[in-house]
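These notes are about the structure you will find just below.
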Amino acid sequence: AQKITQTQPGMFVQEKEAVTLDCTYDTSDQSYGLFWYKQPSSGEMIFLIYQGSYDEQNATEGRYSLNFQKARKSANLVISASQLGDSAMYFCAMRESNTGGFKTIFGAGTRLFVKA
Amino acid sequence: DVKVTQSSRYLVKRTGEKVFLECVQDMDHENMFWYRQDPGLGLRLIYFSYDVKMKEKGDIPEGYSVSREKKERFSLILESASTNQTSMYLCASSISGTGAEQYFGPGTRLTVT
């Protein structure tokens, strides 16, 4: 079974609009971390945002926020006021504590296209 | 500025060759990882290491081996390259803990012909 599911292979958004990238996860662990990474066309993976399973508030980092719904096991990334430079692949990832905090599982990714 | 570097951005090798991919980090991180990235499959973990000379298999270790003789360096070895190992290879490092983000290198695009 997929541990991390990103159901949107590709998405379009108009510049300056907000966009939500979906991520659902599957774990029986109580303690885990959820991450979003961005991969521009240059190829380098860039960490965007982190949410701990015990964090009560949704994480925010500038224009990025993570809509964490624990009961639904979803961790959607919201990008506000999209910019052309946001065009990239976005990966959702999870690290479970029962792996000693080492192993991170990645989703298949969503390619975001920002239109001018 | 934190850095993870990989020895090559692009590599072309022949079937059956032994291939070495090198990764170096300057952040004194305990953990280092090798992933391969293929379209539609995301990143899949090949091997990881949580200390010098320690290694653990990831999800797809077959056909690969690793070496970590020094804390800052983690090498991925393809003992006998095959065409199905043509892929993008990404190295990453992190400190320990569920909340620790990974720092990635620029990737090596390997083509096996």
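The values are calculated or read from the model by the stated rules, or taken from the named source; none is laboratory data. Source: prediction; values computed, not measured. For neighbour counting, all protein chains shown are included, and Cβ atoms are generated from backbone atoms with ideal geometry for every residue, glycine included. Side chains are part of the model used for accessible areas, which takes the heavy atoms of the whole protein and leaves out ligands, DNA and RNA. Shrake-Rupley method; radii C 1.70, N 1.55, O 1.52, S 1.80 Å.
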- Task: Pop out the Kirkwood hydrodynamic radius of segment B:1-77 from its pairwise C-alpha distances, inverse of mean 1/r, in Å to one decimal.
- Result: 13.2
- Taking a label point 7 Å from the Cα of residue A:80 along the Cα→Cβ vector, which residues of segment A:1-27 have an amide N closer than 14 Å to it? A:16-20
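Students often check this: by mean Cβ neighbours within 10 Å, which of A:16-27, B:6-17, B:92-103 ranks highest, and how do the rest follow? Numbers along the way, then the final one.
Values: A:16-27: 17.2, B:6-17: 13.1, B:92-103: 20.9.
My ranking of the peptides, most packed first, is B:92-103, A:16-27, B:6-17.
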- Note on the structure: In whole Hz, the Karplus estimates of ³J(HN,Hα) for segment B:48-54 (6.51, -1.76, 1.60; θ = phi - 60°; x where Gly or Pro) are 9, 9, 10, 5, 4, 6, 9
- Query: Once amide H atoms are built 1.01 Å from N in the peptide plane, which residues 5 or more positions from residue A:49, or in another chain, come under 5 Å H to H?
  - Reply: A:36
- Task: May I ask you to list the aspartates and glutamates whose Cα is less than 20 Å away from that of residue B:70, ignoring any residue fewer than eight positions away on the same chain?
- Result: B:22, B:26, B:28, B:30, B:51, B:56
- Message: Am I reading the A/B interface right? What is its buried accessible area, both sides, 1.4 Å probe, to the nearest 100 Å²?
- Response: 1900
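Could you tell me what percent of the accessible area of the protein assembly as shown is made up of carbon and sulfur, with a 1.4 Å probe and every protein chain present? If you can, show how the numbers build up before the last one.
Working: 5250 of 10800 Å².
Roughly 49 percent of what the probe reaches on the protein assembly as shown is carbon or sulfur.
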- Query: Once you average over the residues of A:91-97, how many Cβ atoms of partner chains fall within 10 Å of each Cβ?
  - Reply: 3
- Excluding same-chain residues fewer than 8 positions from residue A:3, which lysines have a Cα within less than 16 Å of its Cα? A:70, A:73, A:103
- In the protein assembly as shown, what % of DSSP beta bridges are antiparallel (nearest 5)? 90
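Which peptide among A:41-49, B:79-87 comes first, and what is the full order, when sorted by highest mean count of other Cβ atoms within 10 Å?
Details: A:41-49: 16.4, B:79-87: 14.4.
Those peptides, ordered most packed to least, come out A:41-49, B:79-87.
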- Task: Just tell me which aspartates and glutamates come within less than 13 Å, Cα to Cα, of residue B:18; anything on the same chain fewer than 8 places away is out.
- Result: B:79
- Query: What GluC sites (Glu not before Pro) does segment A:51-116 have in DSSP loop regions with at most 11 other beta carbons within 10 Å?
  - Reply: A:56
- Would you mind giving the three semi-axes, in whole Å and largest first, of the ellipsoid equivalent to chain A according to its Cα gyration tensor? 24, 15, 12
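With a Förster radius of 30 Å, plug the Cβ-Cβ distance of residue B:80 and residue A:29 into 1/(1 + (r/R0)^6) and report the FRET value to the nearest 0.05. Walk me through the intermediate numbers first.
Details: r = 37 Å, r/R0 = 1.24.
In this case the efficiency is close to 0.20.
Calculate the mean, over all residues of peptide A:102-111, of how many other protein chain Cβ atoms lie within 10 angstrom of the residue's Cβ.
Details: counts 15, 7, 13, 5, 8, 3, 6, 6, 0, 1.
For peptide A:102-111, the averaged partner shielding equals 6.
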- Query: Within 10 Å of each Cβ of B:42-53, how many other protein chain Cβ atoms are there on average?
  - Reply: 3
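Of all DSSP beta bridges located in chain A, what percent are antiparallel, nearest 5? Don't skip to the end; give the middle numbers.
Details: 34 of 39 bridges.
Counting only bridges with both partners in chain A, antiparallel ones make up about 85 percent.
Of all DSSP beta bridges in chain B, what percent run antiparallel (nearest 5)?
Values: 36 of 40 bridges.
For chain B, the DSSP antiparallel bridge percentage is about 90.
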- Working note, the protein assembly as shown: Cα radius of gyration (Å, one decimal) and Dmax (Å, whole number) are 17.5, 52
